[in-house]
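Read the figures in this text as sums done on the coordinates, not as results from a lab. In this text the structure is predicted, and so the values were computed from the model without any measurement. Every residue, glycine among them, receives a Cβ derived from its backbone with ideal geometry; neighbour counts consider all protein chains shown.
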Amino acid sequence: MAGKLWVRQVRKNKMVADAVASCDKMAWQEALLECCHRLDIGVPMVLSRHLKDWEDFSQTRFLPEHFLEPVRFDRLEAEYFDPEDAAKKKPFREAEV
């Protein structure tokens, strides 16, 4: 089962727009393209630091200088979620006193 890529535009530390697309973890750049199309923004340049962040944390951030045209947000965040991983995690339980 495929996970989901959540892409959100952040301005002044507040989310101003977001989009979600289904994807496999390794095919995240295709989902990024789809989300950027839904948000009506250009697709950012993916640099080696973005690939490293993705590999290490399953998320990355794009700044305005990573876009070829001007953007109206401070950063674009992309994060991968796998529903199977979430189902495996134990629910939070408060410590018994």
Checklist outcome for this item: Per the rule of 0.36 nm per residue minus the C-alpha distance, extending Glu69 to Val20 adds in nm 15.4 nm
Checklist entry - Once the Cα atoms of helix 48-57 and of the chain are each reduced to a long axis, what angle between those two axes, in degrees from 0 to 90 to the nearest 10, is obtained? => result 10
Checklist entry - Between region 42-77 and region 1-36, what is the C-alpha centre distance in whole Å? => result 11
Next on the checklist: Binning at 10 angstrom from zero up to the longest distance, how are the C-alpha pair distances of region 30-69 distributed in percent?
Outcome noted: 29, 56, 15
Item to check | Computed helical MRE - 222 nm, the chain, DSSP H runs ≥ 4 contributing -39500 (n - 2.57), nearest 500 | outcome: -8500 deg cm²/dmol
Item to check | Under 11 Å, Cβ to Cβ, from Asn13 - net charge with Lys/Arg +1 and Asp/Glu -1 | outcome: +3
Checklist outcome for this item: Rounded to the nearest 10 degrees, the helix 28-39 long axis (Cα) sits at an angle to the longest Cα principal axis of the chain of 70
